[in-house]
1. Dipole of the stretch 159-217, Cα-centred, from +1 at each Lys and Arg C-beta and -1 at each Asp and Glu C-beta, to the nearest 20 debye?
2. Between E283 and W95, take the C-beta separation as r, use R0 = 41 Å, and let me know the FRET efficiency to the nearest 0.05.
3. Be a star and scan the stretch 1-21 for residues whose amide nitrogen sits under 17 Å from the point 7 Å along the Cα-to-Cβ vector of A337.
4. As I understand it, the dipole of the stretch 8-262 uses +1 on the Cβ of Lys and Arg and -1 on the Cβ of Asp and Glu, about the Cα centre. Which of V43, F248, L93 lies farthest toward its positive end?
5. Considering only the other residues whose Cβ falls under 14 Å of the Cβ of G161, what net charge follows from Lys and Arg at +1 and Asp and Glu at -1?
6. Which residue fluctuates most in the GNM of the chain (Cα springs below 10 Å): I165, I258, I144?
7. If you project the alpha carbons of the stretch 8-262 onto their three principal axes, what span does each projection cover, largest first, in Å?
8. Take every Cα-Cα distance within the stretch 132-244, group them into 5 Å bins from 0 onward, and report for each bin the whole-number percent of pairs it holds.
Amino acid sequence: MKKQNEKIFTILALIVLGILVYLAESNLDPYKLRILNLGAIYVTLGVSLNLIYGFTGQFSLGHAGFMAIGAYVTSLLVLPAYYKEMIFILEPLVWPFTVMHTPFIIALLLSGLFAAIAALLIGLPVLRLKGDYLGIATLGFAEIIRIIANNIPQITNGALGIKGIPEFTNLWWTAGVAIVTIYIIKGLIHSSYGRALMAIRENEIAAEVIGVNLTYHKVMSFTISAFFAGVAGGLFACLLTTIDPKAFMFVMTFNILIVVVLGGLGSITGTVLAAFLFNFSLEYLRPIEAGFNIGPIIIPAIPGLRMVSFSALLLIVILYKQNGLMGGIEFSWKGLARFIRKIFPNKKSSEGSSI
């Protein structure tokens with residue numbers, strides 16, 4: 001019965017979320033919708049990176065590269081053929097991309113598939129490394145992808161990038177993909193594969209002794225993580241409607257890493273909260289760069305003050321919440337019920353205890 005109740009609550013929560021998404025799409029202006037969409041995309045990126053970094057313990061800095069693969073694949077597949085001829089002015093687009101055109105959902109799946117294939121090819125040799133060395137190797141991979149994108153105008157249009165991408169991404173897509181990502185990765189973590197991944201994180205030697213195939217599980221985690229990063233890259237491209245190699249510099253991976261660390265390593269709930277908090281903070285701190293007043297004190301316009309303020313807030317949060325926002329606590333209906341009981345204790349139980 002308890003599991004049935006949890007399923008009912010989950011379905012009701014999804015219905016409420018659907019109503020909220022409908023109201024947001026109908027009533028919010030494009031600017032606020034853009035922030036919400038970016039927050040949902042960062043949920044997908046953060047949860048997928050948490051799989052390889054938080055749960056498997058492998059320090060990866062290659063997410064921007066997988067995003068770039070997904071973004072370019074999606075862009076080339078959703079653009080009409082006649083428009084491709086117009087925008088590829090440096091070099092003509094090579095076949096078969098000139099004639100390929102798919103629905104948006106197929107483009108997203110293929111973007112994730114190509115990113116996963118790239119992760120499989122790079123993961124087999126690179127995941128033999130550990131710690132900082134693995135981080136440097138995956139960072140190098142992301143930079144290689146960006147440089148290749150900058151130097152093959154026959155496919156990526158080089159430094160000019162791809163413009164006029166159809167704006168298919170909306171809150172239904174970003175929230176839907178984020179929910180699917182959470183559902184799949186949470187299911188994986190609670191399976192025998194997830195226990196093997198966490199065993200690798202705690203002690204690779206001990207995990208190998210008890211029979212865990214280190215290479216298989218590391219590559220599997222890396223590939224699944226890259227798949228969702230590629231899908232998020234496709235959503236990102238169809239949200240901005242224009243992409244170029246500069247959009248996938250190391251700063252992008254750094255932002256995703258902030259979300260994961262701020263939310264807490266190995267915490268899906270914390271990552272979801274941190275993703276929206278990160279995007280909201282960056283956007284709603286913009287007015288302080290235009291100058292403001294604190295009583296009689298006038299603060300002049302200072303370029304870059306927004307990032308300084310955001311960095312200071314981030315530093316304070318990390319100092320006082322070293323295990324992340326949730327501190328390793330995951331959301332569950334049982335936990336929510338216990339929390340409500342603490343706030344609103346049952347009168348009968350309190351009277352009985354006093355007697």
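1. Computed charge dipole of the stretch 159-217: roughly 160 debye.
2. The pair E283/W95 has a calculated efficiency of 0.50.
3. Flagged as within label range: 1-13.
4. V43
5. Charge balance in the 14 Å sphere: +2.
6. I144
7. 59, 46, 29
8. Whole-percent P(r) values from 0 Å outward: 2, 10, 13, 16, 15, 15, 12, 8, 6, 2, 0.
The numbers here are math on the coordinates, done by the rules we state, and not lab data. Fair warning: this is a prediction, and the values are worked out from it, not measured in the lab. Methodologically, a virtual Cβ is constructed for each residue, glycine included, from the backbone with ideal geometry; neighbour enumeration extends over all protein chains shown.
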